[in-house]
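The values are calculated or read from the model by the stated rules, or taken from the named source; none is laboratory data. The shown structure was predicted, so the numbers you read here are calculated from the model rather than taken from an experiment. Note: ideal-geometry Cβ built from the backbone for every residue, glycine included; neighbour counts use all protein chains shown.
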Amino acid sequence: MPIWNPEEECLHVEERGQQQLERLQSTLNRAFKNVPFYRNRFEKQGIGPADVEDLRDLCRIPFIQREHFSDNYPYGLFAVPLRDVVRIHTARGTGLKPTVSGYTRQDLLVWREILARALTAAGVTSSDILQIDLDSGLANWGRDYKDGAEAIGASVIPLTILPPEKQLMVMRDYRTSVLLTSASGATQWIHHLFKANLNPNALALKTLLLVGDAPDSDLQVRLEEQLHVKTWVHYGLSEVPGPALAFECEERQGLHVNEDHFLAEVIDPGTGNVLPDGEVGELVLTTLTTRAFPLIRFRTGDMVRLTPGACPCGRTLKKMEWFAPQSEEVILVRGVKIYRQQILRLLERALGFIPGAYRFIRSHQDRRDSLEVWLMVDERVFSDEIKEMEKLAFHLGMELAQELGVPVRIRFKERETFGKHEQVDGS
């Protein structure tokens, strides 16, 4: 039996709107009462929870953005006493401070239901064995998926950092039937299979869950053909609140947004104005059932298109088309979002200065996606000893890799290597 009520996925539009409004008002009241950050912002706008009498009134409330997590580090955005928080997640965030999110016991139950719903929509059952293969930047998701899979009775091979050869050995010998990874991670599995001269028919694998990055339909088809699996896409946020906020069903007409737990808006990223359904813009999310760490109008930075209406699968949850990052400020490596300013802050902390010129590239070295950082050589980093330069590059790469949760390679380059479009001191 499902651990959630399947009828929640099939409410009529009017019922859904009423459910969202009631849960929104409860969230606004709790945030206004218990979180000074929200109270002060509401009062600055001259608005209170009672002024939101319709879902359309939500646009009067200001956005929350990633920098506000650092401003309120560590517990400034919690809406419950710490004694009620049973789990504290730490993510790398986009600055020098980590992002902290808390969960009450009820919050964890809600997340377990959300994950179980998404897994069930992908056909995962108690007969399956789920293997989790994610980079450390998405480690929190591994725990969430483990809880959701166990809730429906599936066996779970938790996130474990192993060399690719041993990961493949686990998949083959343990009879993994469901693999959870990023789209770029899945392409590497193909390489490892062929390198090991292992035919996918020799595996029990039948389902591929793709998280972290938005694969296009051509990539999904190629993965299915080469791995002999059915692919399913899940959307989530690496900082907060977690994975599977939206999930793909068997009809593949978009990702169903968990509207009973999240209110989704799409805005013009330039003006902040709300766009009608069907137009492409930035996704803004408001939590409706989260108690410890409510988010009100959080700008995700992700570009999507919302499409209302019932799906042939029977679910009435709005569908979302998710697009790959368009901004030059974001680099996506194995499903982990990395921001240019985030890299610069880390470089400045490690070196004591911002390099005169730099370039950040998603590299595909040794069949593994990584971040390649080019730094201009000047008197501040130059050494006559090549070994000293190599040592600096190694230690700097290790430090960034630990902070960002993806492999990082540092390369020192002459000034002439950089084009006019790169940042250079004094330009």
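Couple of notes before you dig in:
- Scanning the stretch 61-88 for residues that are in contact (Cβ under 8 Å) with a residue 60 or more places away in the chain and among the polar types (S, T, N, Q) yields a total of 1.
- Selection count where residues are buried (at least 21 other Cβ atoms within 10 Å of the Cβ), assigned to a loop (DSSP other than H, G, I, E, B) and in contact with a Gly (Cβ under 6 Å, 6 or more places away or on another chain), scope the stretch 245-278: 1
- Reported count of residues in the stretch 166-181, each being touching a Leu at 6+ places or on another chain (Cβ under 9 Å), assigned to a helix (DSSP H, G or I) and among the basic types (K, R), is 1.
- Just one of the numbered conditions (1) touching a His at 6+ places or on another chain (Cβ under 8 Å); (2) in a loop (DSSP other than H, G, I, E, B) is not true of M320: (2).
- Qualifying residue in the stretch 336-353 (condition: closer than 25 Å to L134 by Cβ and hydroxyl-bearing (S, T, Y)): yes
- Screening L347 against (1) in contact with a helix residue (DSSP H, G or I) (Cβ under 7 Å, 6 or more places away or on another chain); (2) within 26 Å of G212 (Cα to Cα) leaves a single unmet condition, (1).
- Restricting the stretch 211-228 to residues that are part of a loop (DSSP other than H, G, I, E, B) and surrounded by fewer than 21 Cβ atoms within 10 Å (Cβ to Cβ) leaves a set whose member that is modelled with the lowest pLDDT is D216.
- Selection count, the stretch 144-159, where residues are of a type outside the set (D, E) and touching a strand residue (DSSP E or B) at 6+ places or on another chain (Cβ under 8 Å): 9
- In the condition set (1) in the same structural domain as V274 (by TED's automatic domain parsing); (2) among the aliphatic types (A, V, I, L, M); (3) surrounded by 19 or more Cβ atoms within 10 Å (Cβ to Cβ); (4) in contact with a Ser or Thr (Cβ under 9 Å, 6 or more places away or on another chain), L371 is compliant with all but (1).
- Taking the stretch 144-165 as the range and being in a helix (DSSP H, G or I), farther than 19 Å from T187 by Cβ and either touching an Asp or Glu at 6+ places or on another chain (Cβ under 6 Å) or not small (G, A, S) (or both) as the test, the residues that pass are D144, Y145, K146, D147, E150.
- The stretch 311-353, residues that are touching a strand residue (DSSP E or B) at 6+ places or on another chain (Cβ under 8 Å) and of a type in the set (F, W, Y): W322, F323, Y339
- Screening A310 against (1) more than 29 Å from R380 (Cβ to Cβ); (2) surrounded by fewer than 20 Cβ atoms within 10 Å (Cβ to Cβ); (3) of a type outside the set (F, W, Y); (4) not assigned by TED's automatic domain parsing to the domain that holds Y235 leaves a single unmet condition, (4).
- The numbered conditions (1) surrounded by fewer than 17 Cβ atoms within 10 Å (Cβ to Cβ); (2) touching a residue at least 24 places away in the same chain (Cβ under 8 Å) are all true for I386 except (2).
- Residues located in the stretch 353-412, provided they are under 27 Å from L138 (Cα atoms), in contact with a helix residue (DSSP H, G or I) (Cβ under 6 Å, 6 or more places away or on another chain) and small (G, A, S): G405
- Of the residues screened, R349 is not one that is surrounded by 15 or more Cβ atoms within 10 Å (Cβ to Cβ) and among the charged types (D, E, K, R).
- Restricting the stretch 251-268 to residues that are among the charged types (D, E, K, R) and at pLDDT 95 or above, the residue that is farthest from T94 (Cα to Cα): D260
- Condition check for E9: under 26 Å from the mean Cα position of the chain (by Cα), assigned to a helix (DSSP H, G or I) and modelled with pLDDT under 95: yes
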